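The values are calculated or read from the model by the stated rules, or taken from the named source; none is laboratory data. None of the values given here were measured: they were computed from a predicted structure. So basically every Cβ, Gly included, is an ideal-geometry build from the backbone, and we count neighbours across all protein chains shown. When the accessible area is computed, the model is the full protein with side chains, heavy atoms only, and any ligands, DNA or RNA have been set aside. Shrake-Rupley method; radii C 1.70, N 1.55, O 1.52, S 1.80 Å.
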Amino acid sequence: MQDTLQALQGLQQIDRHIFTVQAEQRRLPEELAQRTAEVQAKETKLGEMRIRVRQVLSEAKEIEYLTVGMRQRYRKLDSESNQGKVDAALLMSYQHEMRKLKRNISQAEEEALQKLEVGDVEAASITAAESQLEEDKTLFAEFEANVVKELSEAEARFAELQGQRDKVSADGIEAEHLELYRRLLEIREGEALAELLDGHCQACFVQIPKNIGVRLARGTELVQCPSCDRIFYQY
């Protein structure tokens, strides 16, 4: 059984690095996708801001057109009311409509001014957002280039480690022991083995019953930690 443990330790030394490289190969694309989504979200938000500004300015322009029409109507009524041919009833009607037009013009001008102010604020926000987005895109391009480089290096390292692993013989390891090792390797994130030292598992740091240490010392079976299930070895 000591030969089996030694063979598993040899595999563990390489598999630990392989697991780390594989984790890196998963992490880098995930980070790239996240950063891509963040940049796209900012682009979408900027597009929405531009639409809002165009809409606000369009509404302000529409109000201005309506105001022009009301002013023209006001001037026409004012001109007609100043003519001596208008009777008293019609004059009162003109004056009533003129007062209403005056109020409406004033309200429209105030509303248009408020919309223009909102547009100015939004436009300033757009300028700042555009500047920030350009900066983010520059940083993203650098990050993307680094990811491509790191992935290439990780792939090369993975191939190198696989080559090393192929040279480490698994001969002599019983199929059930090899299967247990591989299962623990996946479950325990690249660490299928743990040293038993001073009565404690050096992976989960739980104190181990003495009888387990005795079983390990006999060297007749694979002994696992009762807490984390890792295969024990002892120097």
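Points worth noting:
- Rolling a 1.4 Å probe over the protein heavy atoms gives the chain an accessible area of 65 Å² per residue.
- Helix 88-167 axis versus longest C-alpha principal axis of the chain: approximately 20°, rounded to the nearest ten.
- The range 38-47 - phi-based ³J(HN,Hα) in whole Hz, Karplus 6.51/-1.76/1.60, Gly and Pro as x: 5, 5, 5, 5, 5, 5, 5, 4, 5, x
- Net charge dipole, the range 42-163: roughly 1280 debye, given to the nearest 20, about the Cα centre with Cβ charges of +1 for Lys and Arg and -1 for Asp and Glu.
- For the range 141-235, relative contact order (Cα pairs under 8 Å, six or more residues apart, normalised by length) works out to 21 percent.
- All lysines inside 27 Å of Lys76 as judged from Cα atoms, apart from same-chain residues fewer than 8 positions distant: Lys61, Lys85, Lys100, Lys102
- Listed values (1) 1.02; (2) 2.25; (3) 0.93 include one computed from this model; for Cα Rg over 2.2 N^0.38 Å that value carries the label (2).
- Gap separating the Cα centres of the range 118-177 and the range 205-220, nearest whole Å: 43 Å
- Computed from the C-beta positions of Val118 and Ala33 and an R0 of 25 Å, the FRET efficiency is 0.10 to the nearest 0.05.
- Summary value for the chain: 30 percent relative contact order, contacts being C-alpha pairs under 8 angstrom separated by 6+ residues.
- Global form of the range 13-78, assessed from the alpha-carbon gyration tensor, a/c cut-off 1.5: prolate
- Per-residue [θ]222 nm for the chain (sum of -39500 (n - 2.57) over DSSP H runs n ≥ 4, rounded to 500): -29000 deg cm²/dmol
- Using alpha-carbon coordinates, inclination of helix 175-187 to the longest axis of the chain, degrees: 30 degrees
- Of Gln34, Gln83, Phe19, farthest towards positive along the dipole that unit charges on Lys, Arg, Asp, Glu beta carbons give the range 1-98: Gln83
- Mean separation of Cα pairs under 8 Å and 6 or more residues apart, divided by the residue count, gives the range 51-144 a relative contact order of 45 percent.
- The portion of the accessible surface of the range 77-235 made up by carbon and sulfur, rounded to a whole percent, is 49 (1.4 Å probe; DNA, RNA and ligands excluded).
- Proximity of backbone amide H atoms, modeled 1.01 Å from N, is registered between Ala194 and Ile231, Phe232, Tyr233 at under 5 Å, excluding neighbours fewer than 5 places apart on the same chain.
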